[in-house]
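K.L.:
Sharing a structure, written as structure tokens. Questions coming.
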Amino acid sequence: MHLVLEYTLADDYLQRRAALRAEHLALARAAHERGELLLAGALPDPHDRALLVWTAPREVVERFATSDPYVVQGLVTGWTIRQWDVVIG
């Protein structure tokens, strides 16, 4: 089973992310190294969303989102977790 964590990004996301980026990426890399997080990245033009694809249980994804400095510091204005029924891949 896969889960998709979708972030809605603040209008000033690009201007504010530098101060929090190292901490955010460390959290994401740790999840990736544990095999929980498969892919992650922002959608450009405009930078208004980011997607993170998981193979971990929902509570792990929720814990990540609630502790992510981008969420805590308001760079992410909203987030959702949805199951993704992968057909190919």
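The values are calculated or read from the model by the stated rules, or taken from the named source; none is laboratory data. Predicted model, so just to flag it, every value in this text is computed and none were measured. When we count neighbours, we look across all protein chains shown, and the Cβ atoms used for this are built from the backbone with ideal geometry, even at glycine.
K.L.:
Is at least one residue of segment 56-69 charged (D, E, K, R) and in a strand (DSSP E or B)?
P.N.:
no
K.L.:
So, Pro46, is that one more than 14 Å from the chain's Cα centre (by Cα) and surrounded by 10 or more Cβ atoms within 10 Å (Cβ to Cβ) or not?
P.N.:
Spelling it out, Pro46 is indeed more than 14 Å from the chain's Cα centre (by Cα) and surrounded by 10 or more Cβ atoms within 10 Å (Cβ to Cβ).
K.L.:
Which residues, counting only those in segment 21-43, are farther than 16 Å from Val61 by Cβ, hydrophobic (A, V, I, L, M, F, W, C) and exposed (fewer than 14 other Cβ atoms within 10 Å of the Cβ)?
P.N.:
Listed by number, the residues that qualify are Ala22, Leu25, Ala26, Leu43.
K.L.:
Quick test for you: out of Ala28, Ala56, pick the one residue that is within 27 Å of Asp11 (Cα to Cα) and not aromatic (Phe, Trp, Tyr).
P.N.:
Just one listed residue meets the conditions, Ala28.
K.L.:
Next question. Let me spell it out: the conditions are (1) in a strand (DSSP E or B); (2) under 16 Å from Thr8 (Cβ atoms); (3) touching a residue at least 60 places away in the same chain (Cβ under 8 Å), and Gln83 meets all of them except one. Which number is the exception?
P.N.:
The failed condition is (2).
K.L.:
Also, quick follow-up: Which of the following residues is outside any loop (DSSP other than H, G, I, E, B) and either modelled with pLDDT under 95 or touching a helix residue (DSSP H, G or I) at 6+ places or on another chain (Cβ under 6 Å) (or both): Leu27, Leu38, Leu20?
P.N.:
Criteria check complete, one pass: Leu20.
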